[in-house]
Structure formats: structure tokens, C-alpha cells
Amino acid sequence: MHPPSPWNLRGRLYLSVFALPAAALPPLPGGLRPLTVAGRVLLGAAWVRYEPGGTLHYRELLTAVLLRDLRVSIVDIWVDSEASRDGGRSLWAIPKDLATLEIDPPAASAAGIATAVIRPGRRWPGRWPAPMRLRQARGSALVETPVRGRTALRSARVAWAPERSGRLAYLAGRKPVLSLVLDDFRLRFGR
């Protein structure tokens, strides 16, 4: 069982943005096409802690790519909640899998998938809008999901160490061009 859409979520997200060679990205399903500039795609990788006070509280590790129409599509994702996994798959076609996750900066780990060292920096003034439109493939159909909310922002340094034979091997040896913390975010996921 999982909660119905929309989900009101709150928490903290540790995001790194990579300029990945397009050839390194796994193929996207359903004819989804990443935005490519000079042979590179923008890929976000994030550790997320959804905290009590929202629809669900759980931990998550994900990667997502920017598409040509400026939508975002999740490439790989793991959660430590069956309700989140089942809801993500059923409601929004998000290909969530289960994993054992620990996110307690400076350390983050997903058993057999990746580890990271997270160093949050200075907080930026104010709260910032956090809108996004997610597009996922479900067979030959595309599922689009609005996400909106607000967040505080912090600078960060995140050192990623994916398992070299695992699903995030495309990040092995790569350094992010930018890392941020979306601190105390409040999101509404879905309609």
C-alpha cells in the first residue's frame, strides 16, 4: 500500500551535477532523449532524506538527466521504503528499487551501489523556488509529473565513490561541476 498522489514531502537533498559524456549515459526508455551540448549531458546525482512531517519519511539515492524539452527523467533510483517504491512505480512510473541506505553527513552509503563524503557549506540567504517537471516512460506511454516547492540552499562539496561494477559505474572517477544542499525543502510531488 502507498499513499495517493500528491505527496507533500520535506527533508534535505544533497545534489551533485555532472557534465557526463553522452556515450557514458545508459540508454533511456520510451524514446526519451537527453539534452546534449558538445557531446555531454547534464546528470544530477542526489542523496535524499525525506523527514517526518511529510507524506512519507525515507531515504533515497537517485540519478536524473535533463531532457531536450527541459524536463527531467530519473535514470536510476533506490529507496529504503516499500511504500515509496510501490507508489513511485504505480503513480509516476519511477523505476524505484529497494536498497539499504545511510545518509548522515559527512557519510552517505547505499549498500553495494555507492558511497559519498558530503561537506555542506554556507547557507545562501532566503528560500528558493524548486519547480521541476518529471517525465518517465511506462512502456510506450510517457508519464509527466509536476513537482513544486521551496527550499533553502547551501553550497557543498560531495565526493562520490560508486561501485565500479554497479549500476552507477558511469559516475566512477568523475567529479561534479557543482554540488548543493537543498536544505529544509518542502515539495508537493504530483497533482
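The values are calculated or read from the model by the stated rules, or taken from the named source; none is laboratory data. Everything numeric in this text was worked out from a predicted model, so none of it was measured. Glycine gets a Cβ as well: all are built from the backbone with ideal geometry, and neighbour counts include every protein chain shown. Note: areas computed on protein heavy atoms with side chains; ligands, DNA, RNA excluded. Shrake-Rupley method; radii C 1.70, N 1.55, O 1.52, S 1.80 Å.
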Positions within segment 167-191 being in a loop (DSSP other than H, G, I, E, B) and surrounded by 15 or more Cβ atoms within 10 Å (Cβ to Cβ), in sequence order: Arg167, Leu168, Ala172, Arg174, Pro176, Gly190
Need pairs with beta-carbon distance below 6 Å; first residue at pLDDT 95 or above and within segment 72-89, second charged (D, E, K, R) and open to solvent by 30 Å² or more (accessible area, probe 1.4 Å); sequence gap 6+ or separate chains. Ser73/Arg135; Asp76/Arg167; Trp78/Asp97; Val79/Arg85; Asp80/Arg59
Provide a single number: the residues in segment 1-26 that are aliphatic (A, V, I, L, M), open to solvent by 50 Å² or more (accessible area, probe 1.4 Å) and in a strand (DSSP E or B). 0
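Could you please find all residues in segment 99-112 being more than 11 Å from Leu61 (Cβ to Cβ) and either out of contact with any Pro (no Cβ under 9 Å at 6 or more places or on another chain) or not in a loop (DSSP other than H, G, I, E, B) (or both)?
Our first condition is that a residue be more than 11 Å from Leu61 (Cβ to Cβ); within segment 99-112, this holds for 104-107, 112.
Residues satisfying the conditions are Asp104, Ala107, Gly112.
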Looking at (1) touching a Lys or Arg at 6+ places or on another chain (Cβ under 7 Å); (2) part of a strand (DSSP E or B); (3) of a type outside the set (A, V, I, L, M); (4) crowded, with 19+ Cβ neighbours inside 10 Å, find the lone condition where Arg154 falls short. (4)
